[in-house]
Amino acid sequence: MDHEYVPYIKIGSGTTNFYTNLCRAYLKNYDRIRVIGGGYKIIVVLNMYKELKNEFFVCELQHLCLHYFRMHSMCSFTVSLNEPANQIHH
């Protein structure tokens, strides 16, 4: 079984432009990355999704609701250089 390391970029304080450029930099060294952000940063994640979709294969957009001390909402997606095998249409 092939276990490939896929780095995560967790959105913190910073702009959409900053994190989009960070993703571009990571994609120079990796074929695929994951982006995740929660709370009030979800808007940054969704704007990144929209921007990166113009240049790369972006898929697996997910919305997660977690409940621990309070409800917390998170959003994540995958960005890759090549279309994943399960996404290829014949």
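The values are calculated or read from the model by the stated rules, or taken from the named source; none is laboratory data. It should be emphasised that the depicted structure is a prediction, and the values quoted were computed from it without experimental measurement. Here Cβ is always computed from backbone atoms with ideal geometry, including for glycine, and neighbour counts include all displayed protein chains. Accessible surface areas use protein heavy atoms only, side chains included; no ligands, DNA or RNA. Shrake-Rupley method; radii C 1.70, N 1.55, O 1.52, S 1.80 Å.
Ignoring ligands, DNA and RNA, how do I9, I36, I43 rank by accessible area with a 1.4 Å probe, largest first?
Ranking I9, I36, I43 by accessible area, largest first, yields I43, I36, I9.
Which semi-axis lengths, in whole Å and largest first, follow from the square roots of five times the eigenvalues of the Cα gyration tensor of the chain?
So the three semi-axes of the chain are 23, 16, 13 Å.
Say a site is exposed when it is one of the chymotrypsin sites (Phe, Trp or Tyr not before Pro), sits in a DSSP loop, and has at most 12 other Cβ atoms within 10 Å; what is then the longest site-free stretch of the chain?
6-67
For the chain, with a Gaussian network of springs between Cα atoms less than 10 Å apart, report the residue from N47, N29, N21 with the top mean-square fluctuation.
Fluctuation is largest for N29.
Taking only the C-alpha atoms, wrap a convex hull around region 1-41 and report its volume per residue in Å³ as a whole number.
Per-residue hull volume (Cα only) is 63 Å³.
So for M48, M74, what's the accessible-area order with a 1.4 Å probe, most first?
Largest accessible area first, the residues go M74, M48.
Give me the distance in nm between label points sitting 7 Å out from Cα along the Cα-to-Cβ direction at N21 and L46, one decimal.
2.5
Full extension from E55 to Y30: what is 0.36 nm times the residue separation minus their Cα-Cα distance, to one decimal in nm?
That works out to 7.5 nm of additional length.
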